[in-house]
1. Contour minus end-to-end for Ser397 and Lys69, with contour as 0.36 nm per residue of separation and end-to-end as the Cα-Cα distance?
2. Calculate, in nm to one decimal, what Asn495 and Asp16 gain on full extension: separation in residues at 0.36 nm each, minus their alpha carbon distance.
3. Pairs of Cα atoms under 8 Å, at least six residues apart: use those to get the relative contact order of segment 451-572, whole percent.
4. How far apart, in nanometres, would the label points at Asp62 and Val1 be if each is projected 7 angstrom from Cα along the Cα-to-Cβ direction?
5. Working only with C-alpha atoms, what are the Rg and Dmax values of segment 465-516, expressed in angstrom?
6. Roughly how many nanometres apart are two label points built 7 Å out from the Cα toward the Cβ at Lys550 and Phe427?
7. Whenever you get a sec, compute what percent of the accessible area on segment 451-572 sits on carbon and sulfur atoms (1.4 Å probe).
8. Grab the Cα-Cα distance for Val54 and Asp351, subtract it from 0.36 nm times how many residues apart they are, and report the gain in nm with one decimal.
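The values are calculated or read from the model by the stated rules, or taken from the named source; none is laboratory data. If you're wondering where the values come from, they're calculated on a predicted model, not measured in any experiment. FYI the Cβ positions are ideal-geometry reconstructions off the backbone, even for glycines, and counts take in every protein chain you see. Accessible surface is based on the protein model in full, side chains and every heavy atom, while ligands, DNA and RNA are left aside. Shrake-Rupley method; radii C 1.70, N 1.55, O 1.52, S 1.80 Å.
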Amino acid sequence: VLKKLKSKYGELYRQDNVILSGTHTHSGPGGYFQYTLFWITSKGLIRPSLNAIVNGIVKSIDIAHRNMKRGRLFINRGTVENSQINRSPFSYLENPASERSRYSSNTDKEMVMLKMVDENGEELGLIRWWNMVHEDNIKNRNHLFWGYSGYLFQELTVSCPHRPCFLVIQPKLKFAVLQRFSVATMCMAMGPGGDMFDSTRIIGQNIYSKARVSDNSLFRRMSPGLGWHTLKWVLQHIHCSQQDQHCSYSRFLRATSSKDGDPPLLGPPSQGCLTVTGKTYSLGPTSAELLPCWFQPISILRDMTRPHPWHPDIVDVQIAAIGSLAILAVPGEFTTMSGRRLREAVKREFDSHGTSQMDVVIAGLCNVYTHYIATYEEYQAQRYEAASTIYGPHTLSAYIQLYRGLARAIATNTVQDLPSGPEPPVFNIGNLTLVPSLNADQAPANKTFGDVLQEVRQQYRVTEVAEVTFVGANPRNSAENATEHNFLTVEKYTNTSESWQMVQNDASWDTRFYWTKGLLGRSNVTIQWHIPRGTEPGVYRIRYFGHYRKKLSLSPAVSIAFEGTSSAFEIVAL
(Lines give C-alpha, C1' and ligand atoms only; values in the text may rest on other atoms or scores of the structure.)
Protein backbone atom coordinates (compact mmCIF):
# COMPACT_ATOMS: atom_id res chain seq x y z
CA VAL A 1 0.00 0.00 0.00
CA LEU A 2 2.73 2.47 0.97
CA LYS A 3 4.68 1.78 -2.22
CA LYS A 4 1.63 2.49 -4.37
CA LEU A 5 0.78 5.63 -2.41
CA LYS A 6 4.31 6.93 -2.75
CA SER A 7 4.24 6.43 -6.52
CA LYS A 8 1.03 8.49 -6.71
CA TYR A 9 1.41 11.12 -4.02
CA GLY A 10 5.09 11.33 -3.16
CA GLU A 11 5.63 11.94 0.56
CA LEU A 12 2.06 13.03 1.31
CA TYR A 13 0.96 9.63 2.65
CA ARG A 14 3.66 7.88 4.66
CA GLN A 15 4.17 5.12 7.15
CA ASP A 16 3.76 7.47 10.10
CA ASN A 17 0.44 9.01 8.98
CA VAL A 18 -1.28 6.00 7.41
CA ILE A 19 -3.03 3.46 9.61
CA LEU A 20 -4.30 0.16 8.24
CA SER A 21 -6.92 -1.01 10.72
CA GLY A 22 -8.32 -4.41 9.89
CA THR A 23 -11.91 -5.55 10.25
CA HIS A 24 -11.88 -8.49 12.61
CA THR A 25 -13.60 -11.56 11.23
CA HIS A 26 -13.23 -15.31 11.38
CA SER A 27 -14.67 -15.49 7.89
CA GLY A 28 -12.40 -13.73 5.42
CA PRO A 29 -9.66 -14.28 2.86
CA GLY A 30 -6.10 -15.13 3.86
CA GLY A 31 -2.75 -15.60 2.21
CA TYR A 32 -1.36 -12.06 2.54
CA PHE A 33 0.61 -12.06 5.85
CA GLN A 34 4.30 -12.87 5.50
CA TYR A 35 5.00 -14.65 8.79
CA THR A 36 5.33 -18.41 8.58
CA LEU A 37 2.52 -19.43 10.93
CA PHE A 38 0.03 -17.44 8.89
CA TRP A 39 1.01 -18.38 5.38
CA ILE A 40 1.21 -22.05 6.31
CA THR A 41 -2.33 -22.03 7.70
CA SER A 42 -3.64 -20.14 4.64
CA LYS A 43 -1.92 -22.52 2.19
CA GLY A 44 0.87 -20.10 1.29
CA LEU A 45 0.93 -16.73 -0.39
CA ILE A 46 -2.28 -16.12 -2.33
CA ARG A 47 -1.27 -13.36 -4.71
CA PRO A 48 -4.78 -12.54 -6.03
CA SER A 49 -6.01 -12.10 -2.46
CA LEU A 50 -3.08 -9.84 -1.62
CA ASN A 51 -3.53 -7.79 -4.79
CA ALA A 52 -7.27 -7.36 -4.23
CA ILE A 53 -6.75 -6.10 -0.68
CA VAL A 54 -3.95 -3.71 -1.64
CA ASN A 55 -5.75 -2.35 -4.69
CA GLY A 56 -8.98 -1.90 -2.75
CA ILE A 57 -7.25 0.02 0.04
CA VAL A 58 -5.39 2.26 -2.39
CA LYS A 59 -8.54 2.90 -4.40
CA SER A 60 -10.45 3.96 -1.29
CA ILE A 61 -7.66 6.39 -0.43
CA ASP A 62 -7.71 7.71 -4.01
CA ILE A 63 -11.46 8.36 -3.78
CA ALA A 64 -11.11 10.10 -0.44
CA HIS A 65 -8.21 12.20 -1.72
CA ARG A 66 -10.16 13.36 -4.78
CA ASN A 67 -13.22 14.25 -2.72
CA MET A 68 -11.62 16.16 0.14
CA LYS A 69 -13.56 19.24 1.22
CA ARG A 70 -13.71 21.62 4.15
CA GLY A 71 -15.94 20.54 6.99
CA ARG A 72 -16.46 20.02 10.70
CA LEU A 73 -16.04 17.08 13.04
CA PHE A 74 -18.56 15.99 15.66
CA ILE A 75 -18.14 13.34 18.33
CA ASN A 76 -20.63 11.38 20.37
CA ARG A 77 -20.64 8.47 22.79
CA GLY A 78 -23.36 5.92 23.37
CA THR A 79 -23.96 2.59 25.06
CA VAL A 80 -24.83 -0.49 23.02
CA GLU A 81 -26.79 -3.02 25.06
CA ASN A 82 -27.68 -6.69 24.46
CA SER A 83 -24.94 -7.16 21.89
CA GLN A 84 -21.95 -8.73 23.60
CA ILE A 85 -20.78 -10.71 26.60
CA ASN A 86 -17.33 -11.40 27.96
CA ARG A 87 -15.58 -14.24 26.19
CA SER A 88 -13.98 -15.44 29.42
CA PRO A 89 -15.63 -14.08 32.58
CA PHE A 90 -13.47 -16.49 34.55
CA SER A 91 -10.36 -14.60 33.39
CA TYR A 92 -11.94 -11.20 33.97
CA LEU A 93 -12.53 -12.12 37.61
CA GLU A 94 -8.78 -12.49 38.05
CA ASN A 95 -8.48 -8.69 37.86
CA PRO A 96 -8.51 -6.86 41.23
CA ALA A 97 -11.94 -6.50 42.77
CA SER A 98 -11.26 -2.83 43.46
CA GLU A 99 -10.68 -2.27 39.74
CA ARG A 100 -13.69 -4.28 38.65
CA SER A 101 -15.94 -2.37 41.05
CA ARG A 102 -15.37 0.81 39.02
CA TYR A 103 -17.30 -0.65 36.10
CA SER A 104 -20.87 -1.85 35.77
CA SER A 105 -20.07 -4.61 33.27
CA ASN A 106 -17.31 -7.04 32.38
CA THR A 107 -17.55 -5.76 28.79
CA ASP A 108 -16.99 -2.27 27.43
CA LYS A 109 -20.37 -1.25 26.00
CA GLU A 110 -19.44 2.30 25.07
CA MET A 111 -19.30 3.19 21.38
CA VAL A 112 -17.55 6.35 20.17
CA MET A 113 -18.74 7.94 16.94
CA LEU A 114 -16.90 10.56 14.87
CA LYS A 115 -19.07 12.25 12.25
CA MET A 116 -17.81 14.35 9.36
CA VAL A 117 -20.06 17.14 8.07
CA ASP A 118 -19.32 19.60 5.27
CA GLU A 119 -19.79 23.37 5.51
CA ASN A 120 -23.39 23.06 4.34
CA GLY A 121 -24.24 20.54 7.04
CA GLU A 122 -24.33 17.53 4.73
CA GLU A 123 -23.05 14.36 6.33
CA LEU A 124 -19.93 12.98 4.70
CA GLY A 125 -19.13 9.96 6.79
CA LEU A 126 -18.93 8.24 10.13
CA ILE A 127 -16.20 6.35 11.92
CA ARG A 128 -17.20 4.40 14.97
CA TRP A 129 -15.16 2.55 17.55
CA TRP A 130 -16.64 -0.13 19.75
CA ASN A 131 -13.66 -0.85 21.91
CA MET A 132 -12.46 -4.24 23.05
CA VAL A 133 -15.13 -6.15 21.15
CA HIS A 134 -13.87 -9.29 19.41
CA GLU A 135 -16.25 -9.36 16.47
CA ASP A 136 -16.80 -12.77 14.95
CA ASN A 137 -20.48 -13.58 15.08
CA ILE A 138 -20.10 -15.02 11.58
CA LYS A 139 -18.06 -18.16 12.18
CA ASN A 140 -15.16 -19.65 10.25
CA ARG A 141 -17.39 -22.35 8.79
CA ASN A 142 -19.10 -19.63 6.76
CA HIS A 143 -17.65 -18.70 3.36
CA LEU A 144 -19.76 -15.60 2.73
CA PHE A 145 -18.66 -12.03 3.43
CA TRP A 146 -20.71 -9.48 5.30
CA GLY A 147 -20.69 -6.49 7.63
CA TYR A 148 -24.23 -5.68 8.62
CA SER A 149 -24.16 -2.31 10.37
CA GLY A 150 -22.05 -0.80 7.58
CA TYR A 151 -24.50 -2.27 5.07
CA LEU A 152 -27.38 -0.58 6.87
CA PHE A 153 -25.65 2.78 6.69
CA GLN A 154 -25.17 2.39 2.95
CA GLU A 155 -28.73 1.23 2.32
CA LEU A 156 -30.78 3.26 4.78
CA THR A 157 -28.83 6.41 5.55
CA VAL A 158 -28.06 7.68 2.08
CA SER A 159 -29.55 7.59 -1.39
CA CYS A 160 -26.93 7.88 -4.10
CA PRO A 161 -26.82 6.76 -7.71
CA HIS A 162 -23.28 5.42 -7.37
CA ARG A 163 -22.49 3.77 -4.09
CA PRO A 164 -20.58 4.10 -1.90
CA CYS A 165 -20.98 7.80 -1.20
CA PHE A 166 -21.15 7.70 2.59
CA LEU A 167 -18.08 6.57 4.49
CA VAL A 168 -18.70 4.03 7.23
CA ILE A 169 -15.84 2.36 9.03
CA GLN A 170 -16.96 -0.46 11.28
CA PRO A 171 -16.10 -4.05 12.16
CA LYS A 172 -18.30 -7.11 12.10
CA LEU A 173 -20.04 -8.17 15.25
CA LYS A 174 -19.93 -10.78 17.94
CA PHE A 175 -22.34 -12.10 20.50
CA ALA A 176 -20.62 -15.09 22.05
CA VAL A 177 -21.87 -17.39 24.74
CA LEU A 178 -19.12 -19.71 25.93
CA GLN A 179 -20.63 -22.81 27.43
CA ARG A 180 -18.63 -24.99 29.78
CA PHE A 181 -17.91 -28.41 28.38
CA SER A 182 -15.33 -31.04 29.18
CA VAL A 183 -11.69 -30.35 28.40
CA ALA A 184 -11.94 -32.35 25.19
CA THR A 185 -14.77 -30.22 23.80
CA MET A 186 -14.25 -26.74 22.42
CA CYS A 187 -16.53 -23.97 23.67
CA MET A 188 -19.06 -22.95 21.05
CA ALA A 189 -20.34 -19.44 20.47
CA MET A 190 -24.00 -18.57 20.06
CA GLY A 191 -25.93 -15.38 19.49
CA PRO A 192 -29.33 -13.86 20.15
CA GLY A 193 -30.83 -15.05 16.85
CA GLY A 194 -31.85 -18.35 15.36
CA ASP A 195 -28.50 -18.77 13.56
CA MET A 196 -25.29 -16.82 13.07
CA PHE A 197 -26.76 -14.76 10.22
CA ASP A 198 -29.81 -13.80 12.24
CA SER A 199 -27.62 -12.97 15.24
CA THR A 200 -25.44 -10.72 13.10
CA ARG A 201 -28.52 -8.95 11.77
CA ILE A 202 -29.86 -8.33 15.29
CA ILE A 203 -26.57 -7.02 16.68
CA GLY A 204 -25.88 -5.01 13.54
CA GLN A 205 -29.28 -3.35 13.91
CA ASN A 206 -28.44 -2.51 17.54
CA ILE A 207 -25.21 -0.84 16.49
CA TYR A 208 -26.80 0.97 13.58
CA SER A 209 -29.62 2.29 15.77
CA LYS A 210 -27.13 3.70 18.25
CA ALA A 211 -24.70 5.10 15.70
CA ARG A 212 -27.31 6.53 13.36
CA VAL A 213 -28.19 9.67 15.28
CA SER A 214 -29.52 12.19 12.77
CA ASP A 215 -29.89 15.01 15.30
CA ASN A 216 -26.58 16.86 15.32
CA SER A 217 -27.45 18.34 18.70
CA LEU A 218 -26.67 14.94 20.24
CA PHE A 219 -23.17 15.17 18.79
CA ARG A 220 -20.82 17.74 20.25
CA ARG A 221 -18.44 19.58 18.01
CA MET A 222 -14.92 18.40 18.62
CA SER A 223 -13.01 20.63 21.04
CA PRO A 224 -9.62 22.13 20.14
CA GLY A 225 -7.58 19.69 22.22
CA LEU A 226 -4.18 20.00 20.60
CA GLY A 227 -5.47 22.93 18.55
CA TRP A 228 -8.06 23.53 15.86
CA HIS A 229 -7.16 22.02 12.49
CA THR A 230 -4.29 20.21 14.19
CA LEU A 231 -3.23 16.83 12.86
CA LYS A 232 -0.43 15.05 14.65
CA TRP A 233 0.88 11.56 14.32
CA VAL A 234 3.70 9.41 15.58
CA LEU A 235 4.85 5.86 14.86
CA GLN A 236 7.58 3.70 16.32
CA HIS A 237 8.80 0.23 15.46
CA ILE A 238 9.60 -1.82 18.54
CA HIS A 239 11.66 -4.99 18.78
CA CYS A 240 9.61 -6.94 21.29
CA SER A 241 12.45 -9.12 22.54
CA GLN A 242 14.38 -6.00 23.54
CA GLN A 243 11.75 -4.34 25.73
CA ASP A 244 12.76 -4.24 29.38
CA GLN A 245 9.18 -4.47 30.65
CA HIS A 246 8.62 -8.07 29.63
CA CYS A 247 10.27 -11.23 28.43
CA SER A 248 9.82 -12.20 24.81
CA TYR A 249 8.18 -15.43 23.74
CA SER A 250 7.96 -14.37 20.12
CA ARG A 251 10.47 -16.92 18.80
CA PHE A 252 8.50 -19.83 20.16
CA LEU A 253 5.21 -21.51 19.49
CA ARG A 254 3.70 -21.84 22.93
CA ALA A 255 1.49 -24.65 24.17
CA THR A 256 -0.87 -23.96 27.05
CA SER A 257 -3.90 -25.42 28.72
CA SER A 258 -6.29 -23.07 26.96
CA LYS A 259 -9.72 -24.64 26.56
CA ASP A 260 -11.82 -22.01 24.83
CA GLY A 261 -11.80 -20.50 21.37
CA ASP A 262 -11.47 -21.83 17.85
CA PRO A 263 -9.14 -24.82 17.36
CA PRO A 264 -5.51 -23.74 16.81
CA LEU A 265 -3.13 -25.25 14.27
CA LEU A 266 -2.55 -28.45 16.24
CA GLY A 267 -5.67 -28.44 18.40
CA PRO A 268 -6.13 -27.56 22.08
CA PRO A 269 -2.87 -28.43 23.85
CA SER A 270 -2.21 -29.39 27.42
CA GLN A 271 0.97 -28.96 29.42
CA GLY A 272 3.86 -31.37 28.92
CA CYS A 273 2.44 -32.87 25.75
CA LEU A 274 -0.45 -32.27 23.47
CA THR A 275 -2.84 -34.90 22.20
CA VAL A 276 -4.83 -34.28 19.06
CA THR A 277 -7.26 -36.85 17.67
CA GLY A 278 -5.37 -39.68 19.28
CA LYS A 279 -1.86 -38.51 18.36
CA THR A 280 0.58 -37.22 20.97
CA TYR A 281 3.17 -34.54 20.19
CA SER A 282 6.09 -34.21 22.59
CA LEU A 283 7.09 -30.75 23.70
CA GLY A 284 10.66 -29.75 23.06
CA PRO A 285 13.10 -28.80 25.80
CA THR A 286 12.83 -25.37 27.34
CA SER A 287 15.21 -22.86 25.81
CA ALA A 288 17.90 -21.64 28.20
CA GLU A 289 17.22 -18.16 26.86
CA LEU A 290 13.80 -18.27 28.48
CA LEU A 291 14.79 -19.67 31.86
CA PRO A 292 15.40 -16.27 33.51
CA CYS A 293 11.88 -15.19 32.69
CA TRP A 294 10.18 -18.56 32.83
CA PHE A 295 6.55 -18.23 33.70
CA GLN A 296 4.21 -21.13 34.42
CA PRO A 297 2.00 -22.51 32.94
CA ILE A 298 3.84 -21.91 29.65
CA SER A 299 5.48 -24.78 27.83
CA ILE A 300 7.62 -24.41 24.72
CA LEU A 301 7.05 -26.51 21.64
CA ARG A 302 10.13 -25.62 19.58
CA ASP A 303 12.14 -22.71 18.23
CA MET A 304 10.12 -21.15 15.43
CA THR A 305 12.44 -18.92 13.42
CA ARG A 306 12.82 -21.00 10.25
CA PRO A 307 12.43 -20.60 7.36
CA HIS A 308 11.38 -17.14 8.58
CA PRO A 309 10.00 -15.99 11.93
CA TRP A 310 6.65 -17.58 12.55
CA HIS A 311 5.36 -14.42 14.15
CA PRO A 312 6.35 -10.71 14.21
CA ASP A 313 9.24 -9.68 16.42
CA ILE A 314 9.13 -6.04 15.30
CA VAL A 315 5.74 -4.38 15.73
CA ASP A 316 4.25 -0.93 15.14
CA VAL A 317 2.93 1.37 17.86
CA GLN A 318 1.19 4.47 16.54
CA ILE A 319 -1.04 7.38 17.58
CA ALA A 320 -2.88 9.76 15.30
CA ALA A 321 -4.45 12.86 16.86
CA ILE A 322 -6.88 15.30 15.31
CA GLY A 323 -8.03 18.15 17.51
CA SER A 324 -9.15 16.58 20.79
CA LEU A 325 -9.31 13.00 19.49
CA ALA A 326 -6.39 10.61 19.96
CA ILE A 327 -6.58 7.33 18.04
CA LEU A 328 -4.37 4.59 19.46
CA ALA A 329 -3.47 2.23 16.63
CA VAL A 330 -2.71 -1.04 18.41
CA PRO A 331 -1.28 -4.16 16.73
CA GLY A 332 -3.49 -6.76 18.39
CA GLU A 333 -6.61 -7.61 20.36
CA PHE A 334 -6.92 -6.11 23.84
CA THR A 335 -9.17 -7.68 26.44
CA THR A 336 -11.79 -5.45 28.06
CA MET A 337 -9.66 -4.59 31.10
CA SER A 338 -6.45 -4.26 29.06
CA GLY A 339 -8.14 -1.70 26.84
CA ARG A 340 -9.48 0.23 29.80
CA ARG A 341 -6.05 0.42 31.40
CA LEU A 342 -4.39 1.54 28.17
CA ARG A 343 -6.96 4.26 27.48
CA GLU A 344 -6.79 5.58 31.02
CA ALA A 345 -2.98 5.63 31.05
CA VAL A 346 -2.80 7.56 27.78
CA LYS A 347 -5.54 9.97 28.93
CA ARG A 348 -3.59 10.66 32.14
CA GLU A 349 -0.45 11.27 30.10
CA PHE A 350 -2.20 13.88 27.95
CA ASP A 351 -3.75 15.44 31.08
CA SER A 352 -0.36 15.78 32.73
CA HIS A 353 0.86 17.89 29.83
CA GLY A 354 -2.03 20.34 29.75
CA THR A 355 -4.29 18.67 27.17
CA SER A 356 -7.06 17.55 29.49
CA GLN A 357 -9.91 17.44 26.98
CA MET A 358 -8.58 14.58 24.88
CA ASP A 359 -10.91 11.77 23.82
CA VAL A 360 -8.90 8.55 23.58
CA VAL A 361 -10.09 5.64 21.44
CA ILE A 362 -8.45 2.37 20.50
CA ALA A 363 -8.32 1.18 16.89
CA GLY A 364 -7.48 -2.51 16.93
CA LEU A 365 -5.67 -4.81 14.51
CA CYS A 366 -3.54 -2.03 13.07
CA ASN A 367 -0.61 -2.46 10.67
CA VAL A 368 0.54 -5.84 12.00
CA TYR A 369 -1.06 -8.65 14.01
CA THR A 370 0.25 -9.92 17.36
CA HIS A 371 -2.76 -11.85 18.67
CA TYR A 372 -3.99 -10.92 22.17
CA ILE A 373 -3.01 -8.61 24.99
CA ALA A 374 -4.36 -9.79 28.35
CA THR A 375 -3.73 -8.18 31.74
CA TYR A 376 -1.08 -9.63 34.03
CA GLU A 377 -3.83 -11.04 36.24
CA GLU A 378 -5.79 -12.55 33.34
CA TYR A 379 -2.58 -14.13 32.09
CA GLN A 380 -2.46 -16.36 35.19
CA ALA A 381 -5.71 -18.09 34.22
CA GLN A 382 -4.32 -19.13 30.79
CA ARG A 383 -7.63 -19.09 29.05
CA TYR A 384 -7.70 -18.40 25.31
CA GLU A 385 -6.72 -14.72 25.34
CA ALA A 386 -3.92 -15.25 27.86
CA ALA A 387 -2.64 -18.29 26.00
CA SER A 388 -2.48 -16.10 22.90
CA THR A 389 -0.66 -13.21 24.59
CA ILE A 390 2.52 -14.26 22.86
CA TYR A 391 4.99 -11.82 24.40
CA GLY A 392 4.37 -12.95 27.96
CA PRO A 393 2.57 -11.74 31.10
CA HIS A 394 3.96 -8.18 31.02
CA THR A 395 2.90 -7.41 27.45
CA LEU A 396 0.23 -4.90 28.52
CA SER A 397 2.68 -3.05 30.78
CA ALA A 398 5.08 -2.72 27.88
CA TYR A 399 2.39 -1.36 25.55
CA ILE A 400 1.20 1.12 28.17
CA GLN A 401 4.75 2.38 28.59
CA LEU A 402 5.17 2.74 24.83
CA TYR A 403 1.87 4.49 24.15
CA ARG A 404 2.41 6.88 27.06
CA GLY A 405 5.69 7.79 25.42
CA LEU A 406 3.96 8.45 22.10
CA ALA A 407 1.28 10.57 23.80
CA ARG A 408 3.95 12.56 25.64
CA ALA A 409 5.79 13.24 22.40
CA ILE A 410 2.61 14.52 20.73
CA ALA A 411 1.57 16.67 23.71
CA THR A 412 5.03 18.24 24.08
CA ASN A 413 5.78 18.58 20.35
CA THR A 414 8.82 16.31 20.60
CA VAL A 415 7.80 13.67 18.05
CA GLN A 416 10.93 14.43 16.05
CA ASP A 417 13.07 13.36 19.02
CA LEU A 418 11.63 9.85 19.21
CA PRO A 419 13.73 7.11 17.60
CA SER A 420 11.84 5.45 14.78
CA GLY A 421 13.11 2.01 15.76
CA PRO A 422 14.14 -0.95 13.60
CA GLU A 423 12.35 -1.37 10.29
CA PRO A 424 10.32 -4.58 10.12
CA PRO A 425 11.77 -7.15 7.73
CA VAL A 426 10.28 -8.02 4.37
CA PHE A 427 10.79 -11.69 3.58
CA ASN A 428 11.02 -13.22 0.16
CA ILE A 429 8.48 -15.99 0.61
CA GLY A 430 8.08 -16.39 -3.12
CA ASN A 431 4.86 -17.53 -4.72
CA LEU A 432 4.64 -20.91 -3.03
CA THR A 433 1.00 -21.82 -2.54
CA LEU A 434 -1.04 -24.95 -2.03
CA VAL A 435 -4.13 -23.35 -3.52
CA PRO A 436 -4.86 -25.21 -6.77
CA SER A 437 -4.11 -23.31 -9.94
CA LEU A 438 -6.98 -22.27 -12.17
CA ASN A 439 -7.88 -24.91 -14.74
CA ALA A 440 -10.13 -24.73 -17.77
CA ASP A 441 -13.85 -24.74 -16.98
CA GLN A 442 -16.20 -27.17 -18.70
CA ALA A 443 -19.94 -27.05 -19.28
CA PRO A 444 -22.09 -30.21 -19.41
CA ALA A 445 -23.03 -31.66 -22.76
CA ASN A 446 -25.58 -29.58 -24.64
CA LYS A 447 -25.22 -26.77 -22.08
CA THR A 448 -23.28 -23.55 -22.01
CA PHE A 449 -22.08 -21.34 -19.20
CA GLY A 450 -24.91 -19.38 -17.64
CA ASP A 451 -27.64 -21.86 -18.63
CA VAL A 452 -30.24 -22.49 -15.94
CA LEU A 453 -30.13 -25.96 -14.39
CA GLN A 454 -32.85 -25.45 -11.79
CA GLU A 455 -35.37 -22.68 -12.30
CA VAL A 456 -37.05 -20.38 -9.83
CA ARG A 457 -40.69 -20.95 -8.98
CA GLN A 458 -43.27 -18.83 -10.71
CA GLN A 459 -44.38 -17.12 -7.50
CA TYR A 460 -42.98 -16.34 -4.06
CA ARG A 461 -44.28 -14.63 -0.97
CA VAL A 462 -42.32 -12.06 1.00
CA THR A 463 -39.94 -13.81 3.52
CA GLU A 464 -39.56 -16.86 1.24
CA VAL A 465 -36.32 -17.75 -0.54
CA ALA A 466 -36.06 -17.50 -4.32
CA GLU A 467 -33.39 -19.87 -5.62
CA VAL A 468 -31.91 -20.62 -9.03
CA THR A 469 -28.97 -22.80 -10.12
CA PHE A 470 -26.82 -22.07 -13.18
CA VAL A 471 -24.04 -23.81 -15.10
CA GLY A 472 -21.18 -22.01 -13.44
CA ALA A 473 -17.46 -21.40 -13.58
CA ASN A 474 -14.79 -20.84 -10.97
CA PRO A 475 -15.48 -17.40 -9.41
CA ARG A 476 -11.73 -16.86 -9.08
CA ASN A 477 -11.73 -16.23 -12.83
CA SER A 478 -13.86 -13.14 -12.26
CA ALA A 479 -12.00 -12.00 -9.16
CA GLU A 480 -8.68 -12.12 -11.00
CA ASN A 481 -9.86 -10.61 -14.29
CA ALA A 482 -12.39 -7.95 -13.37
CA THR A 483 -12.62 -5.06 -10.94
CA GLU A 484 -15.80 -4.15 -9.10
CA HIS A 485 -17.39 -7.28 -10.50
CA ASN A 486 -20.97 -8.07 -9.55
CA PHE A 487 -21.56 -11.80 -9.40
CA LEU A 488 -25.33 -11.39 -9.22
CA THR A 489 -28.18 -8.94 -9.39
CA VAL A 490 -31.84 -9.06 -8.46
CA GLU A 491 -33.89 -6.94 -10.85
CA LYS A 492 -37.49 -5.68 -10.81
CA TYR A 493 -39.52 -5.03 -13.93
CA THR A 494 -40.82 -1.47 -14.16
CA ASN A 495 -43.93 -1.08 -16.26
CA THR A 496 -43.58 2.66 -16.75
CA SER A 497 -40.16 2.38 -18.39
CA GLU A 498 -40.62 -1.18 -19.63
CA SER A 499 -37.18 -2.05 -18.33
CA TRP A 500 -35.47 -4.01 -15.57
CA GLN A 501 -34.04 -2.10 -12.61
CA MET A 502 -31.48 -3.56 -10.19
CA VAL A 503 -32.73 -3.68 -6.61
CA GLN A 504 -30.05 -5.87 -4.99
CA ASN A 505 -26.63 -7.30 -5.82
CA ASP A 506 -23.95 -9.49 -4.27
CA ALA A 507 -23.23 -6.84 -1.59
CA SER A 508 -26.80 -7.04 -0.31
CA TRP A 509 -27.49 -8.79 2.97
CA ASP A 510 -30.40 -10.78 1.52
CA THR A 511 -28.54 -12.39 -1.41
CA ARG A 512 -26.25 -15.41 -1.23
CA PHE A 513 -23.94 -16.86 -3.87
CA TYR A 514 -22.82 -20.50 -3.62
CA TRP A 515 -20.29 -22.11 -5.94
CA THR A 516 -20.22 -25.91 -6.01
CA LYS A 517 -17.22 -27.56 -7.62
CA GLY A 518 -17.79 -30.73 -9.60
CA LEU A 519 -15.60 -33.10 -11.58
CA LEU A 520 -13.64 -32.52 -14.78
CA GLY A 521 -13.83 -28.73 -14.61
CA ARG A 522 -17.59 -28.58 -14.15
CA SER A 523 -19.29 -26.50 -11.48
CA ASN A 524 -22.65 -25.05 -10.52
CA VAL A 525 -23.64 -21.70 -9.05
CA THR A 526 -26.71 -21.39 -6.85
CA ILE A 527 -28.05 -17.92 -6.08
CA GLN A 528 -30.52 -17.32 -3.28
CA TRP A 529 -32.55 -14.23 -2.55
CA HIS A 530 -34.02 -14.19 0.96
CA ILE A 531 -36.92 -11.91 0.12
CA PRO A 532 -37.04 -9.29 2.90
CA ARG A 533 -40.12 -7.77 4.47
CA GLY A 534 -41.05 -4.56 2.72
CA THR A 535 -40.28 -5.89 -0.74
CA GLU A 536 -42.72 -4.41 -3.24
CA PRO A 537 -44.96 -6.91 -5.02
CA GLY A 538 -44.14 -7.25 -8.71
CA VAL A 539 -42.15 -9.18 -11.29
CA TYR A 540 -38.49 -9.97 -10.63
CA ARG A 541 -35.59 -11.94 -12.04
CA ILE A 542 -32.12 -13.07 -10.89
CA ARG A 543 -29.02 -12.65 -13.04
CA TYR A 544 -25.59 -14.30 -12.74
CA PHE A 545 -22.33 -12.85 -14.11
CA GLY A 546 -19.15 -14.86 -14.41
CA HIS A 547 -16.04 -15.69 -16.41
CA TYR A 548 -15.06 -19.12 -17.65
CA ARG A 549 -11.47 -20.10 -18.32
CA LYS A 550 -10.75 -21.48 -21.78
CA LYS A 551 -7.57 -23.34 -22.65
CA LEU A 552 -6.12 -22.47 -26.06
CA SER A 553 -3.82 -24.85 -27.86
CA LEU A 554 -0.92 -22.50 -28.63
CA SER A 555 -1.68 -19.55 -26.36
CA PRO A 556 -2.17 -18.94 -22.65
CA ALA A 557 -5.62 -19.64 -21.25
CA VAL A 558 -8.11 -16.79 -21.45
CA SER A 559 -11.12 -15.82 -19.32
CA ILE A 560 -14.34 -15.15 -21.20
CA ALA A 561 -17.27 -13.27 -19.68
CA PHE A 562 -20.75 -14.78 -19.66
CA GLU A 563 -24.05 -14.25 -17.92
CA GLY A 564 -27.23 -16.14 -17.11
CA THR A 565 -30.76 -15.05 -16.30
CA SER A 566 -33.56 -16.80 -14.46
CA SER A 567 -37.13 -16.82 -15.62
CA ALA A 568 -39.27 -13.96 -14.39
CA PHE A 569 -41.16 -14.65 -11.17
CA GLU A 570 -43.80 -12.83 -9.20
CA ILE A 571 -43.60 -11.69 -5.60
CA VAL A 572 -46.85 -11.28 -3.72
CA ALA A 573 -47.48 -9.80 -0.28
CA LEU A 574 -47.82 -11.96 2.81
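1. 114.0 nm
2. Working it through step by step, the gained length comes to 166.9 nm.
3. Computed over segment 451-572, the figure is 34 percent.
4. 1.6 nm
5. 13.2, 38
6. Result: 4.2 nm between the two label points.
7. Values: 3160 of 6610 Å².
Here it works out to 48 percent.
8. 103.1 nm
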